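Accompanying notes for the structure given below.
The values are calculated or read from the model by the stated rules, or taken from the named source; none is laboratory data. All of these numbers come straight from a predicted model, not from anything done at the bench. So basically every Cβ, Gly included, is an ideal-geometry build from the backbone, and we count neighbours across all protein chains shown. Accessible surface is based on the protein model in full, side chains and every heavy atom, while ligands, DNA and RNA are left aside. Shrake-Rupley method; radii C 1.70, N 1.55, O 1.52, S 1.80 Å.
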Amino acid sequence: MKWLWGALVALAIVYAAALLHRGQPIGWDELEFFRATKWTAEGRAPFAGFWEHHTPLQWFVFAPVAYLIDSPGAIAIVTMRWAQAAMWIATFALVLLIARRANLSMTSRWAAVALLLAAPSFLKFAVEYRVDALGNFLFIAAIALAMSRPRWIAFGALMSLAVLANMRLAPLVIVAAVLFFYRDRRAWRMAGGVAIVAAAFGAWILASGAWPGLIEGIVRYNSDFSKMLKVDTFFVTLLAPVWARDVAAIALWLSAIGGAILGWRIPSIRDLAILSAASVVTVATMVVQYEYHFQTTYLLMVPLAAFAFDRVAERWRVLIPAVAAVAIVINLVGLLSPAFGNEMRYQDAVMREADRRTLPREVVWDGSGYALRREPAYRWWFLPTGVRMLASVGKIPAYDIARNPPAAIIYNLRLQRWFEIFPNVASYATHHYIPLYRDLWIPALSGAIPPNRRAAWVVPRDGRYRLIASGALMRHPWFTKPLDYASVNGPLAAQYAIPLRALPPSADIAWTIDGRAVTASVVDLKKGVRVAASSSATVPIGVIVVAADVTVLCVGPPEDFLF
């Protein structure tokens, strides 16, 4: 059986590598964490040099890697994923060490690991560049230390560092400290490790001037956000493997629960069961829950599941590897799909085009941080729920797009929610920018001119522009309900491309620039210039003033994909 589990783990690793490199689209959090890491590598102090609401250890640890990256595209994030893979290898080694210290067989240990690696509910977030990876490594390292040869000062230091990597671990760290103190009264020495890390972190805060920003970003932001947000996502998220039909994750959960029950009288198994249960309760107490919040739970479940496998090895000799094999095969079949990786390719195209069409000194307004080499237009540079809610009630100033128009807008669901809160911003954006890709909006003037009416705009950016007028544009949703087009998804998105040269022109539009009539179709415009279009037509006419080198607008993603 050892060779079988070894083969299954090897196949699962192949799938994980493919998912890491191309299959898993870039997550919003990855962009945030990469940019924070990159800025830290460039010498900006977290909280003092940029706004954030996470503890910063991840950014310092991976700063040397980020310093070497200068790509505007998806490869920047993928490189961080590969660098982080070493952290996961070490974490799995520690989980296997914990299982071995609990006297579990090698076959059962690898069986549990195979199930975990076969579970997309765990793996699709584990391959992403996240603060969870470093936090889990440090937490699991502390648990492994406590369950083998306790060094309580080191244990306290590791647990403190885990919180500095991922502050969501703080409640679980407290549970672990109480649990091991109950087991061994000498564990009070962990306070020494906590003090060392706290002193070093405090010294950095004072030296870097990060204190005001840290209080604003972590304490006030999270406090205000938690008071305003009322959601109940725990059970939906907890049962996500069921909704996704993730047989490997379901099998791991059931096996771990069984192992906890069967091994309750064994101290090491009981400790892991308590910590696993505490990790679930910790997630339940959060303001909002996401699937990746259960990563620590999955890791703690591995030894519990291995214990269950040891107890039922004879009876379930065939079923357990069969479940893992089926799950892994299903995952591997997905690699053969022609659509595999399309989402990341689209993201990469948008990111690179945003970089190509803007200058280093210019700013980009971005819902998540896709414009890797451009400064954000807004101090709260990505738009999580908390920022949107606080801006909506005036606790933080909203972005004034008309006063400081960006060189480009990268649109996604977060920006859509912002537009729902601030319709005046949406109106400005949809009339002064236009989708080059569905999710990359470039400076352009556009609108529908009713019969015998006039419309005017102020140019948001210097450039050479083409003046376009066509009645055919009125068949495109951008000219009737632009935000409906912006959120269109699935195959329909790809059908809305606008080939500009194929548009039948209209002669019923008269153009003026700062009051002077123009007849040329291509003009040089300065930021702040007033452009007007007057219609003499009897039907509505769509007009666009767009960069002269653009030939196609509204290029959609190839798949059913929300940016």
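Here are the numbers for this structure:
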| read-out | value |
| --- | --- |
| Complete set of residues in the stretch 351-375 that are among the basic types (K, R) and buried (at least 23 other Cβ atoms within 10 Å of the Cβ) | R374 |
| Looking only at the stretch 502-529, and only at residues there that are β-branched (V, I, T) and in a loop (DSSP other than H, G, I, E, B), the one that is least open to solvent (accessible area, probe 1.4 Å) | V529 |
| Cβ-Cβ under 8 Å pairs, at least 6 apart or on other chains, the stretch 140-155 side in contact (Cβ under 8 Å) with a residue 60 or more places away in the chain, far side buried (at least 21 other Cβ atoms within 10 Å of the Cβ) and not in a helix (DSSP H, G or I) | M147/A102 |
| Selection within the stretch 334-372 - over 20 Å from P120 (Cβ atoms) and small (G, A, S) | A349, A354, G367, S368, G369, A371 |
| Set I468, I544, I498: member being more than 22 Å from Y411 (Cα to Cα), open to solvent by less than 50 Å² (accessible area, probe 1.4 Å), touching a residue at least 12 places away in the same chain (Cβ under 8 Å) and of a type outside the set (F, W, Y) | I468 |
| Any chance V387 is of a type outside the set (K, R) and either in contact with a Gly (Cβ under 6 Å, 6 or more places away or on another chain) or open to solvent by 10 Å² or more (accessible area, probe 1.4 Å) (or both) | no |
| Any chance A532 is open to solvent by less than 30 Å² (accessible area, probe 1.4 Å), in a helix (DSSP H, G or I), of a type outside the set (S, T, Y) and within 23 Å of M474 (Cα to Cα) | no |
| Positions within the stretch 86-121 being small (G, A, S), over 13 Å from F307 (Cβ atoms) and open to solvent by less than 30 Å² (accessible area, probe 1.4 Å), in sequence order | A114, A118, A119, S121 |
| In the stretch 217-247, the residues that are assigned to a helix (DSSP H, G or I) and either closer than 21 Å to W51 by Cα or modelled with pLDDT of 95 or more (or both) | G217, I218, V219, R220, Y221, N222, S223, D224, F225, S226, K227, M228 |
| Scope the stretch 471-491; condition in contact (Cβ under 8 Å) with a residue 12 or more places away in the chain, in a loop (DSSP other than H, G, I, E, B) and either open to solvent by less than 30 Å² (accessible area, probe 1.4 Å) or not β-branched (V, I, T) (or both); matching residues | H476, S487, V488, N489, G490 |
| G394, sole failed condition from (1) part of a loop (DSSP other than H, G, I, E, B); (2) at pLDDT 95 or above | (2) |
| Residue match in the stretch 188-211 (condition: part of a helix (DSSP H, G or I), within 29 Å of L383 (Cβ to Cβ) and open to solvent by less than 40 Å² (accessible area, probe 1.4 Å)) | yes |
| L214 vs. criteria open to solvent by 60 Å² or more (accessible area, probe 1.4 Å), in a helix (DSSP H, G or I) and at pLDDT 90 or above | no |
| Residue within the stretch 414-428 that is closer than 30 Å to H21 by Cβ, in a helix (DSSP H, G or I), of a type in the set (A, V, I, L, M, F, W, C) and open to solvent by less than 20 Å² (accessible area, probe 1.4 Å) present | yes |
| Residue list for the stretch 14-58, filter: within 18 Å of Y290 (Cβ to Cβ), open to solvent by 20 Å² or more (accessible area, probe 1.4 Å) and either outside any helix (DSSP H, G or I) or out of contact with any Phe, Trp or Tyr (no Cβ under 9 Å at 6 or more places or on another chain) (or both) | Q24, P25, H53, H54 |
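The rows are residues; the columns are (1) at pLDDT 95 or above; (2) among the hydroxyl-bearing types (S, T, Y); (3) farther than 21 Å from A256 by Cβ.
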| site | (1), (2), (3) |
| --- | --- |
| K124 | no, no, no |
| R130 | yes, no, yes |
| F137 | yes, no, no |
| L158 | yes, no, yes |
| W188 | no, no, yes |
| A203 | yes, no, yes |
